[in-house]
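This report concerns only the one structure given below.
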Amino acid sequence: MHTAPFSMSACQQVAQIQPTVRFQGPAGLSIDRIYSRNKDKVVIGNKDKVVIVMGATGTGKSRLAIDLALNYPAEIINSDKMQVYKGLDTITNKVTEEECKGVPHHLLGIVDPDSNFTANDFKRHASLAIKSILKRDRLPIIAGGSNSYIEALVDEQVEFRRRYECCFLWVDVAPRVLNSFVSERVDRMVEMGLVDEVRRMFYPTAEADYTTGIKKAIGVPEMHEYLLGEVCGNDEETQEVLFHEAISNIKKNTCTLAHHQLQKIERLNSKWKGSMHRLNATEAFLNRRRGRDGDRVWEKHVARPATGIISRFLVDPITIRPHDTTASVPSLPALMPAGATSTR
């Protein structure tokens, strides 16, 4: 079996810059009640607990994960299959160092871009990251849009289900609103240097291979004809047409991806007996587009409810996990507000 090149030292280096986090929970909830030592292993309740943030591309998964990590002693594990690779930070929409706000991230930009990082690779390395985070008495938060990775991690490993309780948060945005946001985001990516990013890794051959590694990322194959036209010396008018076709295809393919991701999440929610907590971020997106205070609406409809859910999850000995219909995790009243970052 092929294994993608992976640097554990990168994970360890990130983990060393842990922020100083003061746990912010409801009255009477202390960190000592959540974490306890048992035979040198961190135990949270009866099982180690893991938070998983899901959602279609562009809905704000990374933002919510960072919001939560600023409220709890937590670290984030990336589960986006393109963001695991080094390079193409704009196209793959990786969180910036500023947006991370000091929160340690794992499996982010650490894999050789020409290799194939598979679901099996993710299961193995995510499991190692989870164990590493728990050993430091911190909460693992998995966030990303590759739902096949999450399904493989949770459903294909008996050991994972035996050891961990999971709380699933689903950040959702109405498709029409999300499609409009995705289109605008692609325009911003172009302004930030999307074309130059692809140009730096472009190979001017008519039959380029876009089936491996980071070259599969939306935005790379779509730019092929335009960049090939540059090399071949196309006239300006032809290049203008090719450019607009490329950007249009990037927008269309990203919207199609979001649609497929939503279908997969709905299927998983049904498979896991409705165990996901759906957080509707539509109003936050609409308010931002109208020039209103989208951050305040995000806090009200997404960040605070999510913080309440996680606070209850961490102290409740009975929690929801896939294939478990015997328990529920009710929301708590609004808690302390979480910090705001750009929506991803």
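Just so it is clear, none of the values below were taken in a lab; they were calculated from the coordinates. Everything numeric here is computed off the predicted structure, so don't read it as measured data.
Listing for the model above:
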| item | result |
| --- | --- |
| Compactness of segment 179-255, expressed as Rg and Dmax over alpha-carbon positions, Å | 12.2, 34 |
| Sorted largest first, extent of segment 187-226 alpha carbons per principal axis (Å) | 28, 18, 14 |
| Three-way shape label, segment 91-210, alpha-carbon gyration tensor, a/c 1.5 | prolate |
| Filter on Lys123/Lys215; Lys101/Lys135; Lys47/Lys271; Lys49/Lys123; Lys215/Lys300; Lys47/Lys216 - keep pairs with C-alpha separation over 28 Å | Lys215/Lys300; Lys47/Lys216 |
